[in-house]
1. For segment 171-251, state the semi-axes of the equivalent ellipsoid (square roots of 5 times the eigenvalues of the alpha-carbon gyration tensor), sorted largest first and rounded to whole angstrom.
2. Run the accessible area of the chain with a 1.4 Å probe and give the carbon-and-sulfur part as a rounded percent.
3. Greater than 22 Å separation of Cα atoms is the criterion. Which listed pairs, LYS291/LYS421; LYS189/LYS265; LYS189/LYS421; LYS158/LYS223, meet it?
4. Please list, ordered by chain and number, the residues whose modelled amide H lies under 5 Å from the amide H of SER170; skip anything fewer than 5 residues away on the same chain.
5. Mind pulling the angle between the C-alpha long axis of helix 178-190 and the longest principal axis of the chain? Nearest 10 degrees, somewhere in 0 to 90.
6. Quick one: work out Rg over Rh on the C-alpha atoms of segment 239-336, Rh as Kirkwood radius.
7. Report Rg/Rh for segment 285-338, rounded to two decimals, where Rg is the Cα radius of gyration and Rh the Kirkwood radius.
8. Counting only the heavy atoms of the protein chains, how much of ASP86 is accessible to a 1.4 Å probe, in Å² to the nearest 10?
Amino acid sequence: FKPGKSVPMSSATPQKSAVPLRVGIAGLGVVGGEVARQLSHQADHLAGVAGRPFQITVVSARSRDTDRGFDMAGIDWVDNAAVIADRDDVDIVVEMIGGEEGVALDLVTRALETGKHVITANKAMLAHHGTRLARLAEENDVALMYEAAIAGGIPAVKSLREGLAGNRVSRVSGILNGTCNYILTRMEKTGEPFDAVLADAQTLGYAEAEPSLDVDGIDAAHKLTLLAAIAFAQTPQFDKVAISGIRDVSAVDFAYAAQLGFRIKLVGVAEPGRMPRMQTCLLPTSTQLAKVDGVLNAVAFEGEPVGATVQTGPGAGAGPTSSAALSDLVDIAAGRIPYTFGRPVETLLDGSKVENGGGPDTPFYVRLMVVDKPGVLADVTSVLQTHGISVESLLQQGRAPQDVVALVMTTHEVSVDRLMKALDEIESLSCVQAPPVAMPIVIADQEG
C-alpha cells in the first residue's frame, strides 16, 4: 500500500479476497452516518468493485440512541473517537468529526502513526496541517485520502491528481461553497437583501446557525488551498490565501452587473506562484462558472495539453459527500494509493513562498453610495486619476432616499493594492456615504 510505489499492471485490476477491510468510523452525522449506511446496505456491490468486502468494526458519535438507519449488531461503540486509532481491529479510519484541531486531528495523527489508512472530509484540518499529515502517511506506508473534503459530488481531487496528472496546470478555479452560491443566486433572482436570504438558507438547512465559515469565504478557501497544493505541487498553506466573502454584496449590485453582462459569484482562483484568491467577483454571463446556480459546485481546470475543462455537481450533503468517501475506500481496497498531494512531500514547493500580492492586475467593478449633487463625479474621478486608474464604464440611475444614489463603474486592469488605496481616499470624501464595494471582474476561458 506504500503511496507512489509502482505496481505490476495486473494489480491495477482489484484482486478478489475474502478478507475484509475493517473500518472504524468517527462521527455519524449526515455524512458519516450515510457512509455507514452504504457500507451496510450496499455491501455486496462495494465488495464487487473493491475486490474485497468491508466490515465496520467500531464507530463513535455524540449519541448512542439515535436511529441511524443501519444495523449496529456486531459493531463496537466507543465514546472517545481518538481510541479508534489504537485498535487492532481497524485497517481504515474514516474521520467525519470536522474541525482543524482537537479530537479529529488527534485521531488522524495517531491513526497514521499506527499504520492505518485515513479517509477524511476535513478540509480545514488538511489546509492547516496537511503537510505534516501527508509526511506521516508516507513514513508509515498508508493512505491519506480526502475526496470528500472538496465539492463532494465532483471527483475534483481524483481528476486533478490522477486524471489530469499529465498536464501542466496553469489555473484552477471554482465555485466551492453551495451555501454562498445559493444565497447569491437567490438575491439575484428575487432582489432580497443578504440578511433575509441568509436567514431563509438557515431555515432550509443550507446554512449553519453560525454561518461565518461559509459566507466569509473560509470554507471555500480551505478547499482552494488543497486544490492549489495538488495543481502546483506545493505544500498547502491556508494563510497565504486572500479571502473575501459575500456579506458586502447588495441587491443593487446584481442589477448593475446584469446591465454590464456579468453575474456575481464567490469564486476561488489559484495560479502557479501566485497567492490563491477566494473572492466575490463578476463573471461574464457566457462563462460556464457563471451559469452554475443554487447549491451546486463547479471546478474548472486549465492546462496543457487538455486546454480548459469544467466539472459541475452537488458539493455537499449526505449523498454526494458519502459517495466521495466511498470512492476512497474502494481505491484503498484496490491498492490505488497515491501521494496525498500528488507527489512526495519532500519534492513539493514551499507554499509559504508564493507571491504575497493580491494577484495579477484585473478589471474591477466598483460601487459607491454618494450624495446626488454636482461635482461628485469630478471628485471621484480626480482621486482615481491621481492613482493612475482609468474607468471603462460608468452607470448612475435614479435616486434614493436622502438623495443618496449608487455610482457604479468598471475599471481597466489595475492591481488590487492600488485600487484599495484609491478607494480608501474616496471613502474619506464628504459625498461618499458608505464604504465602497469593489469586486474583481474575472475573465476565464471556459465559454459555453
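The values are calculated or read from the model by the stated rules, or taken from the named source; none is laboratory data. The shown structure was predicted, so the numbers you read here are calculated from the model rather than taken from an experiment. In this analysis, Cβ positions are derived from the backbone assuming ideal geometry, glycine residues included, and neighbour counts consider all displayed protein chains. Just so you know, the surface numbers come from the protein's heavy atoms only, side chains and all, with ligands and any DNA or RNA stripped out. Shrake-Rupley method; radii C 1.70, N 1.55, O 1.52, S 1.80 Å.
1. Numbers: eigenvalues 146, 30, 21 Å².
The equivalent ellipsoid of segment 171-251 has semi-axes of 27, 12, 10 Å.
2. Details: 9320 of 18750 Å².
Of all accessible area on the chain, carbon and sulfur atoms account for 50 percent.
3. Values: LYS291/LYS421 33 Å; LYS189/LYS265 13 Å; LYS189/LYS421 33 Å; LYS158/LYS223 14 Å.
Where the Cα-Cα span goes over 22 Å, the pairs concerned are LYS291/LYS421; LYS189/LYS421.
4. HN-HN under 5 Å from SER170: GLU302, GLY303, GLU304.
5. 40
6. Details: Rg = 16.8 Å, Rh = 16.1 Å.
Value, to two decimals: 1.05.
7. Numbers: Rg = 14.7 Å, Rh = 13.5 Å.
Looking at segment 285-338, the ratio lands at 1.09.
8. For ASP86, solvent-accessible area is about 80 Å².
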